[in-house]
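These notes are about the structure you will find just below.
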Amino acid sequence: MPTWRGVLRSAAAASRRAERDAKRRQHELDKRRQQLAKMHELERAAYEVEVYENYIEVLTSVHKDVGQDIDWQAILSSGVTPQEPQRDKFTASESSARTALENYKPSALDKLLKRSDSKREELSKAIGDAAEKDNKAYQEALREYRVEYAEWRAERELAERIIARDVNAYLEAITKLSPFAEIAELGTSLNFSIDDESDGSLMEVTLRVNDEAVIPKEIKSLLQSGKLSVKNMPKSQYYALYQDYVTGCVLRVARELFALLPLKVVIVTALGNILNSQTGYVEEKPILSIAIPRETLGRLNFQLLDPSDSLTNFVHKMSFKKTQGFAAVEALKASEYQLQGP
């Protein structure tokens, strides 16, 4: 059976490597930015438009990818355990040194220079050095085994607890695998809680998304002449992009959690900064709250769907106007969703 390092750590690494094409393109454009000063005007204009279009694509395609599924039952079912190294298997260097001593036959020159005894002493000493080398190799293998075995046990214990729907194990798995660590576009923070009445099948998540400033207020495009055109973005387009960004982030959170844990429903509430017209202050309020069943989510084609349009598949609360954006809503509660049924 693969060790903890081979299963969970590799899964986390795979999740980090699973960058969207848009994200990979962003890295390539960042490298080209260093050469910006050397570009001609038309090249610079084309580059700026490409960066702008890529940035929009990155923000609005967060929902398209997801980390590797973790099969906790398969981890638990495998009967293979790490094998403790046996000391008698680490004798290669000493055996070679003993063979060298046993096979030593003084040459004519050794006899002439009377160095046969010193040669035997050197070969005899080499046996001790070789034995020490073998022992160090054994101790290193033993150390690695103990680490591997401890990780293997921890992996199986975590799998047992997750299969038993231990909510603390859920949170531990999220911490250990960090499925959201590499998704900077998601926002500033995530908080998780398990509904006590759901038998570990429903998780509530609070996601603090980036505010509207994450969307550029200008549109960059190329004129027929190849020169750069910069125009103010219409409010309807600005808020539509922000809506797609927020809904995409919410869907991504649910997808990652379903890939990691045996949940049936995830309720995600996105918090955003909303102006309170009564006080004149910006306050953090729920702007989208959605209950996402695993079964429903699994039927969607994330490569082609519009994240905002996809909300019709789910019970949700949202107040959104095309030219004003989001308004505050009441967050869904687990008890409310359960009354309606998944």
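The values are calculated or read from the model by the stated rules, or taken from the named source; none is laboratory data. Just so it is clear, the structure is predicted and the values come from calculations on it, not from any experiment. Note that we place each Cβ from the backbone using ideal geometry, even for glycine, and neighbour counts take in every protein chain shown.
Values for this structure:
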{"quantity": "Members of the stretch 220-236 found to be loosely packed, with under 14 Cβ neighbours inside 10 Å, outside any strand (DSSP E or B) and touching a residue at least 12 places away in the same chain (Cβ under 8 Å), listed by number", "calculated": "226, 227, 236"}
{"quantity": "Extreme residue, farthest from residue 188 (Cα to Cα), among residues of the stretch 204-219 that are among the hydrophobic types (A, V, I, L, M, F, W, C) and part of a strand (DSSP E or B)", "calculated": "219"}
{"quantity": "Count of residues meeting criterion [part of a loop (DSSP other than H, G, I, E, B) and without any contact (Cβ under 8 Å) to a residue 40 or more places away in the chain] in the stretch 74-88", "calculated": "1"}
{"quantity": "Flag for residue 114 being at pLDDT below 80 and on the phi > 0 side of the Ramachandran plot", "calculated": "yes"}
{"quantity": "Every residue from the stretch 288-304 that is in contact (Cβ under 8 Å) with a residue 60 or more places away in the chain and of a type in the set (A, V, I, L, M, F, W, C)", "calculated": "302"}
{"quantity": "Pairs where the first residue, in the stretch 40-60, is assigned by TED's automatic domain parsing to the domain that holds residue 210 and under 19 Å from residue 214 (Cβ atoms) and the second is part of a helix (DSSP H, G or I) and small (Gly, Ala, Ser), C-beta under 8 Å, 6+ apart", "calculated": "54/22; 57/22; 58/22; 59/248; 60/248"}
{"quantity": "Extreme residue, modelled with the lowest pLDDT, among residues of the stretch 209-245 that are of a type in the set (A, V, I, L, M) and within 16 Å of residue 323 (Cα to Cα)", "calculated": "213"}
{"quantity": "Condition met for residue 179 (free of Cβ contacts under 8 Å to residues at least 24 places away in the same chain and of a type outside the set (Gly, Ala, Ser))", "calculated": "no"}
{"quantity": "Among the candidates 105, 133, residue that is more than 30 Å from residue 79 (Cα to Cα), more than 22 Å from the chain's Cα centre (by Cα) and part of a loop (DSSP other than H, G, I, E, B)", "calculated": "105"}
{"quantity": "The stretch 143-165, residues that are on the phi < 0 side of the Ramachandran plot, buried (at least 16 other Cβ atoms within 10 Å of the Cβ) and not hydroxyl-bearing (Ser, Thr, Tyr)", "calculated": "148, 151, 152, 155, 156, 158, 159, 161, 162"}
{"quantity": "Residues being in a helix (DSSP H, G or I) and in contact (Cβ under 8 Å) with a residue 60 or more places away in the chain - total across the stretch 165-176", "calculated": "4"}
{"quantity": "Given (1) loosely packed, with under 15 Cβ neighbours inside 10 Å; (2) touching a Pro at 6+ places or on another chain (Cβ under 6 Å), index of the condition residue 96 fails", "calculated": "(2)"}
{"quantity": "Cross-chain or 6+ apart pairs with Cβ under 8 Å, the stretch 138-164 first and over 17 Å from residue 174 (Cα atoms), then at pLDDT below 90 and among the aliphatic types (A, V, I, L, M)", "calculated": "152/1"}
{"quantity": "Residue in the stretch 183-200 that is in a helix (DSSP H, G or I), surrounded by fewer than 17 Cβ atoms within 10 Å (Cβ to Cβ) and touching a residue at least 12 places away in the same chain (Cβ under 8 Å) present", "calculated": "yes"}
{"quantity": "Criterion: in a helix (DSSP H, G or I), at pLDDT below 80 and outside the structural domain of residue 182 (by TED's automatic domain parsing) - qualifying residue of 97, 22", "calculated": "97"}
{"quantity": "Failed item in (1) under 21 Å from the mean Cα position of the chain (by Cα); (2) assigned to a helix (DSSP H, G or I); (3) modelled with pLDDT under 95; (4) not β-branched (Val, Ile, Thr), with residue 179 passing the rest", "calculated": "(2)"}
{"quantity": "Matching entry among 242, 149 (being of a type in the set (Phe, Trp, Tyr) and out of contact with any Ser or Thr (no Cβ under 9 Å at 6 or more places or on another chain))", "calculated": "242"}
{"quantity": "Condition met for residue 301 (under 27 Å from the mean Cα position of the chain (by Cα) and at pLDDT below 95)", "calculated": "no"}
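Yes or no, residue by residue, for (1) of a type in the set (S, T, N, Q); (2) under 17 Å from residue 64 (Cβ atoms); (3) in the same structural domain as residue 179 (by TED's automatic domain parsing); (4) over 22 Å from the mean Cα position of the chain (by Cα):
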site	(1), (2), (3), (4)
203	no, no, yes, no
215	no, no, yes, yes
221	yes, no, yes, yes
254	no, yes, yes, no
273	yes, no, yes, yes
284	no, no, yes, yes
